[in-house]
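Colleague: A single structure is presented below for examination.
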Amino acid sequence: MEKLLVLYSSRNGQTQKIIDAMQGEFNDYEVELADLHGSIRRNLSKYDKVLIGASIRYGKFHSDLYNFINIHSEQLAAADASFFCVCLTARKPEKAVPENNAYIKKFLQKSRWRPRNIAVFAGALKYSEYTWWQARLIQMIMKMTGGSTDTSQDLEFTDWNKVKEFAQLVARNKYE
């Protein structure tokens with residue numbers, strides 16, 4: 001059975017929830033999950049595929065994502081590796097396309113790694129889980145970008161069909 005390494009950087013759990021939803025498409029693989037937060041080292045040559053998912057918080061990916069990529073850049077370049085980003089800007093259809101997403105563009109400028117497949121998924125707005133200060137900051141960002149500022153409700157923007165389609169792409173693609 002082929003091996004798939006799935007690495008994730010999740011702040012409020014939406015990235016991990018997306019990975020959980022993808023699992024049904026990875027039945028032909030022995031899947032190993034690992035949180036990117038903290039110092040993590042892996043011999044990527046032991047895996048047939050690598051999938052990395054990371055969320056945006058306050059306009060940035062977590063520094064542990066870049067640390068992992070910098071340490072493993074040569075192995076990632078040789079691997080059949082894919083990447084997805086989770087961000088609230090992707091709630092707008094034109095921003096849910098990698099070519100139009102500012103975070104993906106910035107990621108590709110900053111990173112030495114060029115993933116084989118890239119996707120962008122809208123995340124969730126979980127006001128109920130934020131501290132008072134986080135809620136105010138996110139509320140300000142949402143006001144500037146035309147999003148919900150109603151802190152009385154949580155909203156999930158993830159397109160689960162798009163998640164499934166990307167997981168199928170990752171699972172069926174063969175590196176050549």
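Colleague: What net charge is computed for the residues neighbouring Gly147, neighbours being all others with C-beta under 12 Å from the C-beta of Gly147, Lys and Arg scored +1, Asp and Glu -1?
Modeller: Residues near Gly147 contribute +3 overall.
Colleague: Over the range 19-176, what is the percentage of antiparallel beta bridges among all DSSP beta bridges, to the nearest 5?
Modeller: 25 percent
Colleague: Still on this structure: Please check which bits of the range 117-131 a label hung off Gln168 would reach, taking the label as a point 7 Å along Cα-to-C-beta and the cut-off as backbone N under 20 Å.
Modeller: 117-122
Colleague: Taking loop as defined by DSSP and a crowding limit of 10 other beta carbons within 10 Å, which chymotrypsin sites (Phe, Trp or Tyr not before Pro) in the range 74-176 fit?
Modeller: Listed in order of number, the matching sites are Tyr175.
Colleague: Just the number please: accessible area per residue for the chain, 1.4 Å probe, all protein chains included, in Å².
Modeller: About 52 Å² of surface per residue is accessible.
Colleague: Calculate the FRET efficiency for Gln109 and Asp159 from the Cβ-Cβ distance with a Förster distance of 35 Å, rounded to the nearest 0.05.
Modeller: 0.85
Colleague: Could you work out the mean projected area of the convex hull around the alpha carbons of the range 1-120, in square nanometres to one decimal?
Modeller: Mean projected area for the range 1-120: 7.0 nm², to one decimal.
Colleague: Give a quick list of chymotrypsin sites (Phe, Trp or Tyr not before Pro) in the range 20-68 that DSSP marks as loop, anything other than H, G, I, E or B, with at most 11 other Cβ atoms within 10 Å.
Modeller: Answer by residue number: Tyr58.
Colleague: If I compute solvent accessible area with a 1.4 Å probe over the protein chains, what percent of it on the chain is carbon and sulfur?
Modeller: 48 percent
Colleague: Compute the Cα gyration tensor for the range 92-156, then decide on rounded, prolate or oblate, letting a ≥ b ≥ c be the square roots of its eigenvalues: rounded whenever a/c is under 1.5, prolate when a/b is larger than b/c in the other cases, and oblate in all that remain.
Modeller: prolate
Colleague: Can you list the residues, at least 5 places off or on another chain, whose amide H is less than 5 Å from the amide H of Ala119, using H built in the peptide plane?
Modeller: Amide H neighbours of Ala119, under 5 Å, 5+ apart: Phe83, Phe84, Cys85.
Colleague: Could you tell me the accessible area of Asp150 in Å² (1.4 Å probe, neighbours in place), rounded to the nearest ten?
Modeller: It works out to around 60 Å².
Colleague: If eta is 1.567 mPa s and T is 4 °C, what Stokes-Einstein diffusion coefficient results for the range 30-94, Kirkwood Rh from Cα pairs, in µm²/s?
Modeller: The Stokes-Einstein estimate is 99 µm²/s.
Colleague: Which is the longest part of the chain that has none of the trypsin sites (Lys or Arg not before Pro) sitting in a DSSP loop with at most 11 other Cβ atoms within 10 Å?
Modeller: No qualifying site falls inside 42-173, the longest such stretch.
The values are calculated or read from the model by the stated rules, or taken from the named source; none is laboratory data. None of the values given here were measured: they were computed from a predicted structure. Note: ideal-geometry Cβ built from the backbone for every residue, glycine included; neighbour counts use all protein chains shown. When the accessible area is computed, the model is the full protein with side chains, heavy atoms only, and any ligands, DNA or RNA have been set aside. Shrake-Rupley method; radii C 1.70, N 1.55, O 1.52, S 1.80 Å.
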